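The values are calculated or read from the model by the stated rules, or taken from the named source; none is laboratory data. Worth saying up front: this structure is predicted, and the values here are computed from it rather than measured. Cβ coordinates were reconstructed from backbone atoms using ideal geometry, including for glycine residues, and neighbour counts include every protein chain displayed. For accessibility, only protein heavy atoms count, side chains too; no ligands or nucleic acids. Shrake-Rupley method; radii C 1.70, N 1.55, O 1.52, S 1.80 Å.
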2 protein chains.
Amino acid sequence: MKIGFIGLGNMGAPMARNLVHAGHAVTGFDVNFDQAKACQDWLGVADTAADAASGQDVVITMLPNGAALHQVAGEIMPVMASSSCFIDCSTVDIQTTKQVAEMIEAAGLRGLDAPVSGGVGGATAGTLTFMVGGAADTLELAMPLFDIMGGRVIHCGDAGAGQAAKICNNMILGATMIATCEAFALADQLGLDRQRLFDVVSTSSGSSWSMNSYCPAPDIGPQSPADHDYRPGFSTAMMVKDLALAQDAASMTETNTRIGKLALQIYQQFASQPDHAEQDFSAILNDIKNTPHKT
Amino acid sequence: MKIGFIGLGNMGAPMARNLVHAGHAVTGFDVNFDQAKACQDWLGVADTAADAASGQDVVITMLPNGAALHQVAGEIMPVMASSSCFIDCSTVDIQTTKQVAEMIEAAGLRGLDAPVSGGVGGATAGTLTFMVGGAADTLELAMPLFDIMGGRVIHCGDAGAGQAAKICNNMILGATMIATCEAFALADQLGLDRQRLFDVVSTSSGSSWSMNSYCPAPDIGPQSPADHDYRPGFSTAMMVKDLALAQDAASMTETNTRIGKLALQIYQQFASQPDHAEQDFSAILNDIKNTPHKT
C-alpha cells in the first residue's frame, strides 16, 4: 500500500520503519525537522504534511496531542484521495477524536482511532496493542498494517471507542500503581518484607498487572523498570497525560472518578519535581516512600 | 490435638467444624449465647473463654476486633497450658496483634497471627488462605490445623506480619475496585461497551483481580457477586473495616497512603447508605454510576 506517515517521534519512527521493512511505500513527515531528518536514510520524507498525505491509500498519524491532530487533519484532508483511510494512532482527547471522525465522514474518507499501548519497545518490536474505534470494514482494510506494527488489535466500537478504552485502562493503571506503591511503603513501615508482600498480593485479591508484571520495587517479581533505575517503560509524563485525558473526559461527562482524579494530582506533583517526568511511572514508589504523611 | 476455639461466628463456626470433622477434640466458646448454641450439636461448648482454653494444646481465636481479642487474651492466657499455642485468626489492628504477641511471649506460650482471606465460603469449604506472622517452628506445629481449615498458608514473617500483609493486600484491593468501577462508569458515559472495556482491560496493563476475577459489572467475566445481586462475597462492611485498619496503621507509622485513605472515605460513604454495608463491596459500581460528579 501507499502510506503517508505523519509524526516521526519516538513512537512514530519505529512504526513507520516496520511498515517500510514489510515492503510498503511509506512517505513520512514531521514538523520537527531533526526528527524527520533522522529517518531520511530509510524513508522518503515530504516537505509538508499535505505532501505526505496526498494520493496515499492510507495516512497514519502519531501526534502528541489533540491540537496537533486537529491542525494536521485540517491540512491533509483536502488532499487525501477519496475513500482513502485516515488512521490516527495518537492518544488525544475524546472530543478531538470525535470531531476528526466527523470531518473524516464529511470528507467521504474512512477513519479509525487506534491509540496504542506497548511503548517505544512495542513500537520497535512491532508488538503494540491497538485499541480501535471505527467501522468494522475499515478495520478489516487496515488490519494488514496493524499486523505489521502490532501484536494485538481490539475493536472497541465506533469512532472514539479506541480512545475511550485507552484512557479508561490507563486511569485504572495509574491508580492501581499508586495503591500498590502505598502498600509497599506501608509494609516497609510495619516491618513486612517486600518479597513477602509480593508473594501474598501477587497471588491474592490485591493482584494486578502493576504488582505481578511490572512490580515497582526493585529485585522483586519479573524484570521491570524498577530493576533498571526506573528507565521507562512508560514515562511519568505519559501517565500524567493519560490521567489528564481521563479527567477531561470525566469532567465533560460529569462522571464520578474521584480515585482517578487523585491519581492525576499525585502524578502531577511527582512529575513537577526535577527529572521525574522522564522516569518510569513506577518510580513514584520512592516518592511515596520518602514523603511521610502526618494526619 | 486438643483445641479450644473462641469466636463461633460466621467464620469461626465453619472453621471449628472442619477441625471437628478431621477428628480433633474441639471445645468452643462464644460470648454470644445464640451463636454458641447453634454449634452445640457438633461441638462441646464451654461456659467461659477460660474454660474453653484451659489445658488445650492449641487455642484458636476468631474475633471481630482488637478490643475483643485483647479481652479474650487477658482471660485465657493465665489458664493456657505452658508451651501451648495461641493462634489468632482475627483481622485486627497491628498494635493489638503486637501487644498480644508480647503477652504470649511473656507467658511462655507460642503464638501466631494468622488472618485469613476467602470469606465464609472459604471457611466452610476449608479453602481459606492464611497469612501468618510468627516463628517458623510454631507455624510448623500448627500446619496440620491450617491444612484442614485452608488451602494455602503464606509465612509472612515475625509476629504482626500476617496482619500487615492482609491490610496491605486489602488496601490495594479496595482502591483497585473503585478505580475499576470508575472506569466502567466513564466507559458508560463515553459510549464504550462494558464488554469491550473488559476485553481491553483484562488483557492489558489495567488488569487486576478486581476486573479479571471479580468483575463488578454483571454478566461480564467469570461469575462474581455482580451476577448474584451483589450478595457477598466480601461485604462492604468488611472492606470498610480493613481499609480503616490500614489507615490506622498508616497514621501510626506516618505512611503516605493518600489513595488508600480516599478509598476508605468512599467506602465509608457507600456503607452509610441503607442496606449497602451488607452488599458485596463490588456493588459500589452502582453508587459511582449513579452519582454524577460536577467539577
### Task
Starting from residues that are away from chain B (no Cβ under 14 Å) and surrounded by 18 or more Cβ atoms within 10 Å (Cβ to Cβ), keep the ones in region A:103-119 and report whichever is nearest to A:Ser224 (Cα to Cα).
A:Leu112
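Results for (1) within 18 Å of A:Gln265 (Cβ to Cβ); (2) not in a loop (DSSP other than H, G, I, E, B), shown as yes or no for each residue.
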| site | (1), (2) |
| --- | --- |
| B:Asp242 | no, yes |
| B:Leu245 | no, yes |
| B:Asp248 | no, yes |
| B:Gln265 | yes, yes |
| B:Gln269 | no, yes |
| B:Asp275 | no, no |
| B:Glu278 | no, no |
| B:Asn286 | no, yes |
### Task
Could you pull out the residue among B:Gly118, B:Gly126 that is modelled with pLDDT of 95 or more, within 18 Å of the chain's Cα centre (by Cα) and of a type outside the set (Lys, Arg)?
B:Gly126
### Query
Does region A:154-206 hold any residues that are open to solvent by 10 Å² or more (accessible area, probe 1.4 Å), in a helix (DSSP H, G or I), closer than 22 Å to B:Arg152 by Cβ and facing chain B (nearest Cβ under 7 Å), and which are they?
A:Leu190, A:Arg196, A:Asp199
#### Entry: Subset of region B:118-149 (residues that are part of a strand (DSSP E or B) and among the polar types (S, T, N, Q))
B:Thr129
### Task
Could you tell me which numbered condition B:Leu43 fails, if it satisfies all but one of (1) touching a residue at least 12 places away in the same chain (Cβ under 8 Å); (2) surrounded by fewer than 24 Cβ atoms within 10 Å (Cβ to Cβ); (3) within 18 Å of B:Gly111 (Cβ to Cβ)?
(3)
### Message
Contact list please: Cβ distance under 6 Å, first residue in region B:106-127 and closer than 13 Å to B:Phe86 by Cα and touching a residue at least 24 places away in the same chain (Cβ under 8 Å), second residue open to solvent by 40 Å² or more (accessible area, probe 1.4 Å) and in a loop (DSSP other than H, G, I, E, B), pairs at least six apart or on different chains.
### Response
B:Gly108/B:Ser82
### Query
In region B:250-275, which residues are closer than 21 Å to A:Thr257 by Cβ, within 12 Å of chain A (Cβ to nearest Cβ) and open to solvent by 30 Å² or more (accessible area, probe 1.4 Å)?
B:Arg258, B:Lys261, B:Gln265, B:Gln269
## Note on the structure
Being within 15 Å of A:Ala142 (Cα to Cα), open to solvent by less than 10 Å² (accessible area, probe 1.4 Å) and over 21 Å from the mean Cα position of the chain (by Cα) narrows A:Ile60, A:Ile3, A:Ile87 down to just A:Ile3
### Message
Going by what's in this entry, would A:Lys98 be described as open to solvent by 60 Å² or more (accessible area, probe 1.4 Å), within 12 Å of chain B (Cβ to nearest Cβ) and of a type outside the set (Asp, Glu)?
### Response
yes
### Query
So which of A:Asp248, A:Asp287, A:Asp280, A:Asp242 ends up being farther than 18 Å from A:Asn170 by Cβ and among the acidic types (Asp, Glu)?
A:Asp287
### Query
If a residue has to be outside any strand (DSSP E or B), of a type in the set (A, V, I, L, M) and open to solvent by 10 Å² or more (accessible area, probe 1.4 Å) to count, how many in region A:6-35 make the cut?
5
### Message
Can you pull out every residue in region A:144-194 that is among the aromatic types (Phe, Trp, Tyr) and closer than 25 Å to A:Asp287 by Cβ?
### Response
A:Phe184
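Let's see how each residue does on (1) within 14 Å of chain B (Cβ to nearest Cβ); (2) open to solvent by 30 Å² or more (accessible area, probe 1.4 Å); (3) touching a strand residue (DSSP E or B) at 6+ places or on another chain (Cβ under 8 Å):
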| residue | (1), (2), (3) |
| --- | --- |
| A:Pro216 | yes, no, no |
| A:Gln247 | yes, no, no |
| A:Ala277 | no, no, yes |
| A:Ala283 | no, no, no |
### Task
Looking only at region A:229-242, decide whether some residue is of a type in the set (D, E, K, R), open to solvent by less than 10 Å² (accessible area, probe 1.4 Å) and facing another protein chain (nearest Cβ under 7 Å).
no
### Meets criteria (free of Cβ contacts under 8 Å to residues at least 60 places away in the same chain and either more than 13 Å from chain A (Cβ to nearest Cβ) or under 23 Å from B:Gln247 (Cα atoms) (or both)) for B:Val79
yes
